[in-house]
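Novice: Pasting a structure below so you can have a look.
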Amino acid sequence: MVRDEHRHRRAKAGGGRRKLSAELSEADCRKDEFLATLAHELRSPLAPIRNGLEIMRLSGGRREAVEKARGMMERQLGQLVRLVDDLLDVSRISRGKLELRKERVDLAVVLNNAVETCRPLIDSNGHKLTVGMPAQPVFVDADVTRLAQAFANLLSNAAKYSERGGRIALTAERQGGDAVVSVKDGGVGIPPDMLPKIFEMFTQVDRTLERSQGGLGIGLTLVKKLVDMHGGSVEAKSDGDGRGSEFVVRLPMASAAVREVKPSSEEDEPACPSGQCRILVADDNEDAADSLAMMLQIMGNEVRTTNDGLQAVEAAEAFRPDVILLDIGMPKLNGYEVCRRIREQPGGKKVVLIALTGWGQEQDKRRSQEAGFDHHMVKPVDPAALEKLLAGPSDATGK
Ligand code: ADP
């Protein structure tokens, strides 16, 4: 009897182990597939960027060729930045580190934001987008950027998975206490057996690289998580191959708008009202520091660079800049410490200090604020946002 029980337990343990091992090997497979897709997706924009550089080198300064190459490189770089942003977001979400900055907002603002993001992709594929919004504002409590990101993912999927010249419909309506948004396309559709799995991480219906539409299989995972974090739900519908797809997002409506009156503050003051600044750039990545300095010089500023924290403190004292752009992760003295020391120098309270970092979460922003920074910008810095911050009223978001 005892021996039977023993055998039974051993068999059960063996079954558990086999199941666990099968699960692990499936996870391992998915990870390998994901890494192959990731390498492919990261490499695709690199080829045109490298070609663009070569075109610039060979063009002998012919304006038309340089402009064309530049436009192409800008688009491809945008694609790379998006991929890396998505990867970071997914990792933040799975570690529970993504924070929302919610405010009461008209859903139309969020949807317009998403449409604006996807417009180039939709137009370049010759698709026709129709948008149907309710006549009255529909308010939701949302992080505008994050919720718009979710809808932009759905819209760009509709564009990616439709034949050229397709029709895409974006509609929003009230249903009881909910705001319901539908993104519908007449594209390739989703097989019924894939519908329940489609929101899982790394899931792609057709993984063959030839048919890959440029993605990592994490867009819908992000959509689901972001919608969940807004207290909503998302559902995928499709009648199968070639018969289009529809994604329906349901969000709880907020009662009425509370207008946030932004107090006028120092943040609205331009850093350099004359449009010409003395700027110190400190970054241990020399190419990053030099290219940022070049860009700022072309914008009409006087710029110095340094490549470590101690040099940055000395240069601040000698050069007396109006603005200092400081990388946080620098050798010898990190950006926070550099910032504290500069604040203690004569005139150090007046200088505009901008943190440049790869981390854009609330806690990172708080940390740089505590160290004495005026602004926090996430790398790669958007030149337009930086120019705005230097010469005009700013929102200092760095995005
Ligand atoms: P990605 O587009 O990067 O592959 P997503 O997570 O956004 O990843 O989507 C997962 C998969 O779902 C896609 O690879 C595609 O097979 C399928 N899919 C998503 N949206 C649509 C759509 N509108 N029409 C058809 N298939 C879709």
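The values are calculated or read from the model by the stated rules, or taken from the named source; none is laboratory data. Keep in mind that what you see is a predicted model, and the values were worked out from it rather than measured. Here the Cβ is made from the backbone with ideal geometry for all residues, glycine too, and neighbour counts use every protein chain on show. The accessibility values were calculated without ligands, DNA or RNA, using every heavy atom of the protein model including side chains. Shrake-Rupley method; radii C 1.70, N 1.55, O 1.52, S 1.80 Å.
Novice: Just one of (1) more than 10 Å from the ligand (Cβ to nearest atom); (2) of a type in the set (Gly, Ala, Ser); (3) in a strand (DSSP E or B) trips up Gly165, so point out which.
Specialist: Condition (3) is where Gly165 drops out.
Novice: Looking at the stretch 131-144, is at least one residue within 12 Å of the ligand (Cβ to nearest atom) and either of a type in the set (Ser, Thr, Tyr) or open to solvent by less than 40 Å² (accessible area, probe 1.4 Å) (or both)?
Specialist: No, there is no match, as no residue in the stretch 131-144 is within 12 Å of the ligand (Cβ to nearest atom) and either of a type in the set (Ser, Thr, Tyr) or open to solvent by less than 40 Å² (accessible area, probe 1.4 Å) (or both).
Novice: Taking the stretch 100-130, which residues are touching a residue at least 12 places away in the same chain (Cβ under 8 Å), exposed (fewer than 14 other Cβ atoms within 10 Å of the Cβ) and closer than 18 Å to Ala172 by Cα?
Specialist: Lys128, Thr130
Novice: Restricting the stretch 154-180 to residues that are open to solvent by 20 Å² or more (accessible area, probe 1.4 Å) and closer than 15 Å to Thr117 by Cβ, which is farthest from the chain's Cα centre (by Cα)?
Specialist: Among residues in the stretch 154-180 that are open to solvent by 20 Å² or more (accessible area, probe 1.4 Å) and closer than 15 Å to Thr117 by Cβ, the one farthest from the chain's Cα centre (by Cα) is Lys160.
Novice: Of everything in the stretch 244-272 that's modelled with pLDDT under 95 and basic (Lys, Arg), which residue is nearest to Leu88 (Cα to Cα)?
Specialist: Step by step, filter the stretch 244-272, then rank; the result is Lys262.
Novice: Of all residues being in a strand (DSSP E or B) and open to solvent by 20 Å² or more (accessible area, probe 1.4 Å) in the stretch 290-324, which is farthest from Glu370 (Cα to Cα)? Just the residue, please.
Specialist: That would be Glu302.
Novice: Can you tell me which condition Gly392 does not meet? The list is (1) on the phi < 0 side of the Ramachandran plot; (2) at pLDDT 85 or above, and all the others hold.
Specialist: Here Gly392 clears every test but (2).
Novice: Oh, and also: Just for the stretch 325-339: of the residues that are over 25 Å from the mean Cα position of the chain (by Cα) and of a type in the set (A, V, I, L, M), which one is most open to solvent (accessible area, probe 1.4 Å)?
Specialist: My answer is Leu333.
Novice: Got a sec? Which of Phe151, Phe199 is of a type in the set (Phe, Trp, Tyr) and crowded, with 22+ Cβ neighbours inside 10 Å?
Specialist: On inspection, the qualifying residue turns out to be Phe151.
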